[in-house]
1. Go through the range 96-104 residue by residue and turn each phi into a ³J(HN,Hα) via Karplus (6.51, -1.76, 1.60, θ = phi - 60°); whole Hz please, and just put x for glycine and proline.
2. Ordered by residue, what ³J(HN,Hα) values in Hz, to whole numbers, does the range 151-160 give under the Karplus form 6.51 cos²θ - 1.76 cosθ + 1.60, where θ = phi - 60° and Gly and Pro are x?
3. For the range 80-199, with only Lys/Arg (+1) and Asp/Glu (-1) charged at the beta-carbon, what is the dipole magnitude about the Cα centre, in debye rounded to 20?
4. At 0.36 nm per residue, and after removing the present C-alpha to C-alpha distance, how many nm does the segment from residue 184 to residue 46 gain when stretched out fully?
5. Could you tell me whether the range 84-200 comes out rounded, prolate or oblate from its Cα gyration tensor? Rule is a ≥ b ≥ c as square roots of the eigenvalues, rounded for a/c under 1.5, then prolate if a/b exceeds b/c, otherwise oblate.
6. Using 16 Å as the cut-off for backbone N distance, which residues of the range 95-125 belong to the label zone defined by a point 7 Å from the Cα of residue 152 along Cα→Cβ?
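Here, each number is a calculation from the coordinates, and none is a lab measurement. A quick note: this is a predicted structure, and the numbers were derived from the prediction, not measured. Backbone-built Cβ (ideal geometry, glycine too); neighbour counts: all protein chains shown.
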Amino acid sequence: MIWEGNTTGLIVECRIGTEGGWNTGWDRWVGTAELSAPPDPEELARRAVARMQLQPIQMGTFPPLEQRSPAALGYVGWNVWMWVDGATASNWGPITRSVSERGFSVSATARVDKVEWDMGDGTIIECQIGTPWQSIWTHNEASPDCGHLYAKDGEYSVTATSHWVIDWAGIGESGILTMDLDSTGTMRIAEVQVVNVNEP
């Protein structure tokens, strides 16, 4: 028996298609709790985040990374600048998406809280969006908010980790989700050789 002694709920008819002109299906009992329980709001929030298609930042640096300019070089003791190149809603935020299910809705808003730059020499620098370098600066000016100095020459693997914070609310609840996304590149640093010439 479908009811099996249950006195509340519904009998629903389930069908999965046709076969030889006949519908294939069955009946099942659905309890009252299953009918009335709302969806998990955090699960809906995660689905909303998936719809955002969040991206890692585009790494802006001076000197440029090898991937952008293979011939580019920085120098020991010279200022390196770092910034978010071309910030958009999908790689910096804020961006908002909502998901609904059975009349219940959850909304989530994501934004980057900070960017951590691992410079490949053991130094990690915490920044916000940063300031782009401009060609008018030709006297080894330091970045006002996101810069670095290398003490040795070499090739350094640089990683920029954007730390996303996602606030969500809905179905009488709220919470915070986090996500980290990485961008990587290589910076080449050379030693400046100074040659003293004795004039006759």
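1. Result, ordered by residue: 10, 9, 10, 10, 10, 8, 6, x, 9 Hz.
2. For the range 151-160, the Karplus-derived couplings read 8, 9, 7, x, 9, 10, 7, 9, 10, 10 Hz, x marking Gly and Pro.
3. Working: 6 positive and 17 negative charges, 100 e Å.
Dipole of the range 80-199, to the nearest 20 debye: 480 debye.
4. Working: separation 138, 0.36 × 138 = 49.68 nm, distance 2.60 nm.
Result for the pair: 47.1 nm of gain on full extension.
5. Working: a/c = 4.45, a/b = 3.16, b/c = 1.41.
Judged from the Cα gyration tensor, the range 84-200 comes out prolate (a/c at least 1.5, a/b above b/c).
6. Inside the label zone: 119-124.
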